[in-house]
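Colleague: Structure in structure tokens, see below.
Just so you know, all these numbers are worked out from the coordinates, no wet-lab data involved. Keep in mind it's a predicted model, so treat the numbers as computed, not measured. Neighbour counts run over all protein chains shown; Cβ positions are idealised from the backbone, glycine included.
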């Protein structure tokens, strides 16, 4: 019975496998946590007041996690600025009838949404009226 190994003492291979497994688990948790911290919801926007503005689309980005429209919009004082309009996720927008071709550079649009609390030209887009007369939802 000299060849029997003590059952309560793991082999060096088992110890190494456990260490590698622990490192992989911790790495996965840290990488996953970063995406949770990054999602801010609508905290940056004044959800108590909607604004309606008109202007011209300068760019449309069909990207995750939120599609973006950039547009030269005129505010209530007549001042024009390039606004960043944040929409919902691509999956949600697709259910509302959106595609990567719904909005094009040069389109004259009317937008409605919630302005950024910090006063910057940034908006959570609720709806957009397109040149063809169609109105589309931009976020839930």
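Colleague: Report the extension gain between residue 92 and residue 120 in nm, rounded to one decimal, defined as 0.36 nm multiplied by the number of residues separating them, less their alpha carbon distance.
Modeller: 7.5 nm
Colleague: Also, I was wondering about something else. Please give the residues of the range 53-72, grouped as numeric ranges, whose backbone N is less than 13 Å from a label point set 7 Å along the Cα-to-Cβ vector of residue 112.
Modeller: 53-54
Colleague: Taking a quarter of the surface of the convex hull around the Cα atoms of the range 45-137, what do you get in nm²?
Modeller: Computed as one quarter of the Cα hull surface, the answer is 5.6 nm².
Colleague: Roughly how far apart, in whole Å, are the Cα centres of the range 42-90 and the range 106-140?
Modeller: 5 Å
Colleague: Starting with the highest mean, order 126-132, 82-88, 116-122 by the number of other Cβ atoms within 10 Å, averaged over the residues of each peptide.
Modeller: Highest mean packing first, the order is 82-88, 126-132, 116-122.
Colleague: If you take the beta carbon distance between residue 77 and residue 47 as r and set R0 to 25 Å, what does 1/(1 + (r/R0)^6) give as a FRET efficiency, to the nearest 0.05?
Modeller: Working from the Cβ atoms, E equals 0.65.
Colleague: Given labels modelled 7 Å from the Cα in the Cβ direction, how far is it in nm from residue 84 to residue 101?
Modeller: Taking the simple label geometry, residue 84 and residue 101 are separated by 2.9 nm.
Colleague: Give me the extension gain from residue 18 to residue 129: residue separation times 0.36 nm, minus the current Cα-Cα distance, reported in nm with one decimal.
Modeller: 34.2 nm
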